[in-house]
């Protein structure tokens, strides 16, 4: 956990590697190139880097049209501006048309902690996962960002991948195998299952360690692909541990917690607790302090899990 | 520049007539449909699909084909009619419009029918998608062209002007846009609902090369569409002055026939109008 890496830089380097392998890969920027980690791609493949200025509706349509000619566009910009703003373009031009376009929402979640709700993205998972045929990917460490970038480049079809901005702890070894749509069992346990995703997966990982020290054997699952979701792994955890806690840097409405609840409500109902941001416009301030405001620090997650275990026989 | 012979012009008039006839045929079986905008673009589609565009109905995904993006997706009944006539699919399919699970929905679906390039319907999407097509073709050195048809009411969508800037910025002179200026939208005269004038100056100021024509004159359509780009390095736009619901005496130039909910007596008038049209063309 001492090794940390910049997620945007990591993504940008992976995209250059993917671009070396496949000359159809192009990058599309909405005045967002350097902040999206695209500088190395731009330098390596200048003719395959297309700048559009601050045009977040137009770029989705352009990407769709480019994809019809065999290009594999990676549209990379600030998360709310490539999800909430051009939602209809995403739905119709990428989803309904099933175009092979990858949209990368960077600085997702509370990353833009001081800039406030206009720049924070707490609903991107919720809205994009309503679009049929669009995969939603939320990598949990730098190694996973790199592997996921290669996986979505190889996958034929529209994808939304979100990454944060603060440096992320490394959780996986370089030989880690990423499979789109398959969750990862990170730690065994029989008392409770914690399901984490994305930027706060490392917080959940540390929380599971705290619990272990207190004699609580928590299972930890990483759901890096929120759609299509790995129902089997989730149902198995519900059957074997009976209690599920989800952890995400996203609204409780429509995110990972909702996606897990949708699976369990139909296949194996069990006690659940969701950790994330409830129905409000988030505050602003230093990133880590903001995470603490919404109970997303490791100690807080461990505490919430403990209280949940002790009271999960009745409604909290 | 291509000049139609009298014989060629007559042939295209017959195509436009068949489009109108088949639009009415579909609306009859489906009981309702966007008739106004479909009939205002009959000549434009006839000229494009039977004289201008390089397409192969037997190989609709041919990489070097020309592409049409119907940004105003609600005009799709005319597109269905011309594609069927051009041989992309069996004309019998036209009689399924309006039925459950029809492959001819009220806005086109590329997954359902050969020859449909995009899933349009929500307005203001087509020009960006077409721009991406034109850019991708240029990047690969393919000389195909991309044609777009947009309604004039659609111009109020801001996303069009994003696309207008980007197509010009990337010098996409392999793209031709028709603005179907039938001057009407659901709520009335387009310039009263949301003024777009001066339309030619707007496009010019965005870096486009502009022509204005009578959108029902096949000679003007083919002459202009055959000399794209109008200026090297610029996207081209034809402002096509048209009449909404052209060909139906009771509906021409009336906003209320943007979407026609069929009445039996109107259908009878429509049949008479079509018969008269057919007689005049000498079909």
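The values are calculated or read from the model by the stated rules, or taken from the named source; none is laboratory data. From a predicted model like this one, the values you see are computed outputs, not experimental measurements. Cβ atoms come from the backbone with ideal geometry, glycine included; neighbour counts cover every protein chain shown.
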In segment B:244-261, which residues are surrounded by fewer than 17 Cβ atoms within 10 Å (Cβ to Cβ) and touching a residue at least 24 places away in the same chain (Cβ under 8 Å)?
B:249, B:253, B:254, B:259, B:261
Restricting attention to segment B:156-184, report how many residues are more than 13 Å from the chain's Cα centre (by Cα), over 22 Å from residue B:66 (Cα atoms) and crowded, with 22+ Cβ neighbours inside 10 Å.
3
Determine if segment B:75-89 includes at least one residue that is at pLDDT 95 or above, part of a loop (DSSP other than H, G, I, E, B) and touching a helix residue (DSSP H, G or I) at 6+ places or on another chain (Cβ under 7 Å).
yes
Taking segment A:69-93, which residues are surrounded by fewer than 23 Cβ atoms within 10 Å (Cβ to Cβ), over 17 Å from the mean Cα position of the chain (by Cα) and in a helix (DSSP H, G or I)?
A:87, A:88, A:91
Specify which of the listed residues (A:211, A:185, A:233) is assigned to a helix (DSSP H, G or I), more than 19 Å from residue A:300 (Cβ to Cβ) and more than 14 Å from the chain's Cα centre (by Cα).
A:233
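Per-residue answers, yes or no, for (1) touching a helix residue (DSSP H, G or I) at 6+ places or on another chain (Cβ under 8 Å); (2) part of a loop (DSSP other than H, G, I, E, B); (3) over 28 Å from residue B:254 (Cα atoms); (4) in contact (Cβ under 8 Å) with a residue 40 or more places away in the chain:
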position	(1), (2), (3), (4)
B:127	yes, no, no, yes
B:137	no, no, yes, no
B:142	no, yes, yes, yes
B:149	yes, no, no, yes
B:168	no, no, yes, yes
B:192	no, no, no, no
B:195	no, yes, no, no
Counted residues in segment A:34-47 being within 20 Å of residue A:148 (Cα to Cα), in contact with a helix residue (DSSP H, G or I) (Cβ under 6 Å, 6 or more places away or on another chain) and surrounded by fewer than 23 Cβ atoms within 10 Å (Cβ to Cβ) come to 1
Close pairs (8 angstrom Cβ cut-off, 6 or more residues apart or separate chains): within 9 Å of another protein chain (Cβ to nearest Cβ) and free of Cβ contacts under 8 Å to residues at least 12 places away in the same chain in segment A:46-59, part of a helix (DSSP H, G or I) and surrounded by 19 or more Cβ atoms within 10 Å (Cβ to Cβ) anywhere:
A:58/B:128; A:58/B:131; A:58/B:159; A:58/B:162; A:58/B:163; A:58/B:166
Residues of segment B:118-155 satisfying the condition of being more than 22 Å from residue A:91 (Cα to Cα), facing chain A (nearest Cβ under 7 Å) and surrounded by fewer than 24 Cβ atoms within 10 Å (Cβ to Cβ)
B:140
Answer yes or no as to whether residue B:188 is more than 10 Å from chain A (Cβ to nearest Cβ), farther than 22 Å from residue B:108 by Cβ and out of contact with any strand residue (DSSP E or B) (no Cβ under 9 Å at 6 or more places or on another chain).
yes
Does residue A:259 satisfy the criteria of being part of a helix (DSSP H, G or I), surrounded by 21 or more Cβ atoms within 10 Å (Cβ to Cβ) and not assigned by TED's automatic domain parsing to the domain that holds residue A:79?
yes
Taking the residues in segment A:15-45 that are assigned to a loop (DSSP other than H, G, I, E, B), within 11 Å of chain B (Cβ to nearest Cβ) and in contact (Cβ under 8 Å) with a residue 40 or more places away in the chain as candidates, determine which candidate is farthest from the chain's Cα centre (by Cα).
A:24
